[in-house]
Each structure stands twice: as structure tokens, then as C-alpha cells.
Amino acid sequence: MKISKGTDYALHSLLYLISNGDNQPVTVKRLSDVLNVSVTYLSKILTQLVKAGVIKSASGAKGGYYLVNNWETIRIYDIITAIDGHRSMIEDSFNHGPECKVQSILNSAEDEMTKSLKSKTLKDLM
């Protein structure tokens with residue numbers, strides 16, 4: 001699993017929405033100002049989160065992004081995969097197969113990280 005800047009921005013956007021508390025829509029401009037990120041880039045990330053069912057969007061003068069009703073149960077792992085997909089952090093140049101000790105150790109470490117991220121939810125950001 002590889003975590004990108006996009007995932008970092010997504011998690012920090014969600015943290016801001018959680019800390020906002022009143023669940024009123026927050027504009028992408030407001031989020032980009034708070035995070036000091038390009039509006040265009042952040043819009044793409046937020047669109048991915050909407051498609052994944054993590055947040056909702058409202059259009060119009062009072063529009064913006066807000067949390068879904070069951071946001072507390074959404075796993076951090078699901079946020080990462082919504083933005084980055086299921087890419088491995090392992091880049092073993094030698095494909096020796098399962099008997100490779102290096103690959104075995106790295107796979108084990110990645111499995112532990114994945115397990116940990118699956119056990120954490122957005123509620124843990126509070």
C-alpha cells in the first residue's frame with residue numbers, strides 16, 4: 001500500500017469536516033485555504049471521496065462538502081484505497097517468489113500495516 005499526497009489531503013479534509021462539527025457544507029475553496037492546497041487538485045480528491053460514499057456534496061450558493069451520516073464507521077483503509085487504489089508499497093526488483101526472505105519480510109510488514117489501517121475509523125480522528 002502506497003499513501004500519496006492525495007490521500008494525505010483527503011484525510012486532512014475529512015479531519016476538518018469532522019472538527020467543523022455542525023455538518024454544514026464546506027466549500028472546496030475553504031478547504032483549499034485551510035490546507036493550502038490547489039482548489040483544482042482538491043476538487044478531484046473530494047470528487048473521489050463522493051464517489052466512494054465517504055462524503056456528500058451539495059450544489060448552489062450554500063453548497064459544499066459534508067460528511068455522510070455513518071461517517072464514524074468508515075475505515076481509514078477505505079479512504080486510502082478510494083484515493084490510491086490497492087497499490088503495494090513493496091517494490092522488490094527481484095521476483096524470487098514466496099521463498100525470497102526480503103519479499104517475505106516486506107509482505108508481512110505490509111499485512112500488519114493494512115490490518116492496523118482497517119481497524120481505525122474516521123471516529124479515531126476525533
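The values are calculated or read from the model by the stated rules, or taken from the named source; none is laboratory data. Everything numeric here is computed off the predicted structure, so don't read it as measured data. Here the Cβ positions follow ideal geometry from the backbone for every residue, glycine too, while neighbour counts run over all protein chains shown. Just so you know, the surface numbers come from the protein's heavy atoms only, side chains and all, with ligands and any DNA or RNA stripped out. Shrake-Rupley method; radii C 1.70, N 1.55, O 1.52, S 1.80 Å.
Below is a table of values for the structure above.
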| read-out | value |
| --- | --- |
| Residues of region 53-72 satisfying the condition of being in contact (Cβ under 8 Å) with a residue 24 or more places away in the chain and loosely packed, with under 11 Cβ neighbours inside 10 Å | K62 |
| Subset tally (residues that are farther than 28 Å from D8 by Cβ and either modelled with pLDDT under 80 or open to solvent by 30 Å² or more (accessible area, probe 1.4 Å) (or both)) for region 73-104 | 8 |
| V26 vs. criteria in contact (Cβ under 8 Å) with a residue 12 or more places away in the chain and in contact with a Phe, Trp or Tyr (Cβ under 7 Å, 6 or more places away or on another chain) | yes |
| Pick from region 6-44, criterion aliphatic (A, V, I, L, M) and farther than 19 Å from L125 by Cα, ranking: surrounded by the fewest Cβ atoms within 10 Å (Cβ to Cβ) | V39 |
